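Enquirer: The structure's right below; bear with me while I get my questions together.
The values are calculated or read from the model by the stated rules, or taken from the named source; none is laboratory data. All of these numbers come straight from a predicted model, not from anything done at the bench. As a convention, Cβ positions derive from the backbone with ideal geometry for all residues, glycine included, and neighbour counts pool all protein chains shown. Note: areas computed on protein heavy atoms with side chains; ligands, DNA, RNA excluded. Shrake-Rupley method; radii C 1.70, N 1.55, O 1.52, S 1.80 Å.
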Amino acid sequence: MIENGLVQTAPTTGGLLAYLGTFVLAAAVYSLTAHIAARNVLGDVPARRALLVGPGPAAVSVLLQQYGVLAFVVALALDFVLIRYVYRLRLRTTSLVAVIHLVVSVLVLFVVLSAFRLVGTAPG
């Protein structure tokens, strides 16, 4: 919906199970991409730490989905804080891991959405 020149998104309708499923899937993907980012920068790190990072941005994404850019900024800030706390890093290293986490997450999203669109164009 476009109102006053700004694109506004409305939260999707769905029950509690839909929101829970979205949260669990997003947390799993964000945890996987956090582990990939941490391994890329820090070397060999325990995968369990990434499991503490993923649910934060996933919760923000699900809870603030109707606010678009605000949700993105809050999720990115929370991701930074969680990475810094969980991996006990300096600010510069935390920034690098957070940026790589963002890039890897966007790439995974792009691949999954592209595959979904490709399957959707297949003949019946």
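Enquirer: Show the residue pairs that are 6+ apart or on different chains and have beta-carbon atoms under 6 Å apart, the first residue being within segment 54-78 and without any contact (Cβ under 8 Å) to a residue 40 or more places away in the chain, the second being of a type in the set (Phe, Trp, Tyr).
Expert: Within 6 Å, the pairs are GLY54/TYR30; PRO57/TYR30; ALA58/PHE23; ALA58/TYR30.
Enquirer: Kindly check whether there is at least one residue in segment 96-119 that is in contact with a His (Cβ under 8 Å, 6 or more places away or on another chain) and within 18 Å of VAL29 (Cα to Cα).
Expert: We begin by selecting, within segment 96-119, every residue in contact with a His (Cβ under 8 Å, 6 or more places away or on another chain); these are none.
The answer is no; no qualifying residue exists.
Enquirer: What residue, of VAL103, VAL99, is at negative phi, β-branched (Val, Ile, Thr), open to solvent by 80 Å² or more (accessible area, probe 1.4 Å) and in a helix (DSSP H, G or I)? Explain how you work it out, then say what you get.
Expert: On the way: VAL103 fails: open to solvent by 80 Å² or more (accessible area, probe 1.4 Å).
Going through VAL103, VAL99 in turn, the sole match is VAL99.
Enquirer: How about segment 43-70: which of its residues are more than 11 Å from the chain's Cα centre (by Cα) and open to solvent by less than 60 Å² (accessible area, probe 1.4 Å)?
Expert: Initial filter on segment 43-70 (more than 11 Å from the chain's Cα centre (by Cα)): 43-52, 63-70.
Matches in segment 43-70: GLY43, VAL45, PRO46, ALA47, ALA50, LEU64, GLY68.
Enquirer: Still on this structure, I have one more. Which residues, taken from segment 79-91, are in a helix (DSSP H, G or I) and surrounded by 16 or more Cβ atoms within 10 Å (Cβ to Cβ)?
Expert: So in segment 79-91, the residues in a helix (DSSP H, G or I) come out as 79-87, 91.
If the condition is that a residue be in a helix (DSSP H, G or I) and surrounded by 16 or more Cβ atoms within 10 Å (Cβ to Cβ), then ASP79, PHE80, LEU82, ILE83, ARG84, VAL86, TYR87 are the ones that fit.
Enquirer: Determine whether TYR30 is among the aromatic types (Phe, Trp, Tyr), in contact (Cβ under 8 Å) with a residue 60 or more places away in the chain and assigned to a helix (DSSP H, G or I). Quick ask: steps written out before the conclusion?
Expert: Numbers: among the aromatic types (Phe, Trp, Tyr): yes; in contact (Cβ under 8 Å) with a residue 60 or more places away in the chain: yes; assigned to a helix (DSSP H, G or I): yes.
The answer is yes for TYR30.
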